[in-house]
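Student: The structure that follows is given in the form of structure tokens.
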Amino acid sequence: MVNTSFETLALDMQIEILARLPLKYLMRCMCVSKKWASLIRGEDFRSAYLLRSMARPRLLFVASRSRKFTRETCFHSVYQEPPLLLSGKRQMLTDNHIAPVFTVSNPILGLLCHQGYNNEIVICNPGLKKFRNLPQIQVPEGASVRSFFGYDKVDKVFKVLCVCVPQTQFGAGWTSKEPKKYQVYTVRSDHEKPSFWRPIICNDDHSVVTDEGLFNGGFLYYGARSSCNKPMVMRFNVSSEAFAVIKLPEEVDIDYHWRLVNYKGKVALVNTFDSKFKFNGVFEIWVRNEVDRKWDKDIIKIPQWTESVDNYNVYFKGTTGTKELVFAPPNWFGEPLFVLYYDKATTNLRRFDIEGMDDQHYSFHTFLDHVDSTWLM
């Protein structure tokens, strides 16, 4: 009788009601009937659910550890902004789907892209505990892969960009005259639709020098060096699959120490090896101005820095919707896990300890703006 009453409601009302449910209850609703399952998997419901989730973004921690004869990955998340800050703890462990983690992408619409040390690539929705293993990418002998994850707003699909690079080029100054290979994989909502790695063309041959990229405004960004060893940032249009080169200031000699981050909605570069920041709290950031097509340098002096970090290394992770700067440690060896929030307007620096994780993880990633979504459901 309850099912009949619900199904007599208008479709938009059904979506509004279901969109208020946590993901674990949505999974149960899908078992009620094929009609409910079709509704929840539909594009209209996916959009409505994402819209509600984006109002409650989460901090996501991804940690890896060795456990007996397996490698275990832990996903731990909490709300990142007031009034729910650090509440709503959620945790998920897995040791079956994800190979030892080499890189993890920034979350996009609830999904992450993991790359293992053997170039296994897995798409993951930690909220649903769902995984999709991509076909093994064909890598030339003596080469490795850098993968980057983005979203095509035009076709409403995710894409993984892979750049095959010679092993000898890793690190600053190491480039190769051998041509690189660029491939794209399209991740669709319907698993039944076939997909495969497709070769694409890049007219600006380059070597990847940053482990992580950044997806922002429909584009993927990552640090690179040209065939003549000139530092630059590559921009990849996820929809058109076209590459472009972004020049860097002479002061930025990009290598694997640099990170691309989201700074108040803009693309920015930070040097994680900057000793002034570690010891004195003098934080330098290069922010991309797309209107003028240049990089602006911003220097931020953070008060009471050494007292708050207690000699731990911390990296800048980005800004929240309230424009606060967030910092977190890059690794975790049993020390207290914490995040730092800095309000540039009020110069208020706050430290929050993260509870609920044990002390055995050693590889650690912190991400902002993770949301619940029904992708891969």
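Here, each number is a calculation from the coordinates, and none is a lab measurement. Bear in mind the structure is a predicted one, so any value in this text is a computation, not a measurement. Positions of Cβ are backbone-derived with ideal geometry, glycine not excepted, and every protein chain shown enters the neighbour counts.
Student: Show me, for the range 115-123, the HN-Hα J-couplings you get by feeding each phi into the Karplus relation (A = 6.51, B = -1.76, C = 1.60, θ = phi - 60°), rounded to Hz, glycine and proline as x.
Tutor: Using θ = phi - 60°, the values come out as 10, x, 5, 9, 6, 5, 10, 10, 9 Hz.
Student: To continue, here is another question. Pulled fully out, how much extra length does the chain show between Ser189 and Asn280, if you take 0.36 nm times their separation in residues and subtract their Cα-Cα distance?
Tutor: 28.0 nm
Student: Any chance you could run the full-extension gain for Ser33 through Asn289? It's 0.36 nm times the residue separation minus the Cα-Cα distance, nm to one decimal.
Tutor: Extra length available between Ser33 and Asn289 comes to 87.1 nm.
Student: If amide hydrogens are placed 1.01 Å from N in the peptide plane, which non-local residues have theirs closer than 5 Å to the one on Ala242?
Tutor: Amide H neighbours of Ala242, under 5 Å, 5+ apart: Asn237.
Student: Continuing with this model, one more query. Where in the chain are the DSSP H helices whose alpha-carbon span along the long axis reaches 27 Å or more and whose Kyte-Doolittle mean is at least 1.6?
Tutor: none
Student: Ok, one more. Enumerate the residues in the range 126-158 having an amide nitrogen under 16 Å from the point lying 7 Å beyond the Cα of Phe196 toward its Cβ.
Tutor: Flagged as within label range: 134-139.
Student: Can you tally the net charge around Asn216? Count Lys and Arg as +1, Asp and Glu as -1, for every other residue whose Cβ sits under 15 Å from the Cβ of Asn216.
Tutor: Net charge in that neighbourhood comes out at +4.
Student: While we're on this one: Once the other residues with Cβ under 13 Å from the Cβ of Val282 are scored (Lys, Arg +1; Asp, Glu -1), what is the net sum?
Tutor: +1
Student: Given only helices, namely DSSP H runs of n ≥ 4 each adding -39500 (n - 2.57), what is the per-residue ellipticity at 222 nm of the chain, to the nearest 500 deg cm²/dmol?
Tutor: Theoretical 222 nm ellipticity from helices: -3500 deg cm²/dmol.
Student: Remind me, relative contact order of the chain in percent, using alpha carbon pairs under 8 angstrom and six or more residues apart?
Tutor: That works out to 15 percent.
Student: Given the pairs Lys264/Lys294; Lys297/Lys344; Lys153/Lys180; Lys180/Lys294; Lys156/Lys180; Lys278/Lys301, which span a C-alpha to C-alpha distance of over 21 angstrom in this model?
Tutor: Listed pairs above 21 Å: Lys153/Lys180; Lys180/Lys294; Lys156/Lys180.
Student: A further question follows. Please list 17-24, 198-205 highest first by mean number of surrounding beta-carbon atoms within 10 Å per residue.
Tutor: Listed from highest to lowest mean packing, they are 17-24, 198-205.
Student: Once the chain is represented by equal point scatterers at the alpha-carbon sites, with solvent omitted, what log10 I(q)/I(0) does the Debye formula produce at q = 0.10, 0.14, 0.15 Å⁻¹?
Tutor: Ignoring solvent entirely, the Cα scatterers give -0.68, -1.32, -1.49.
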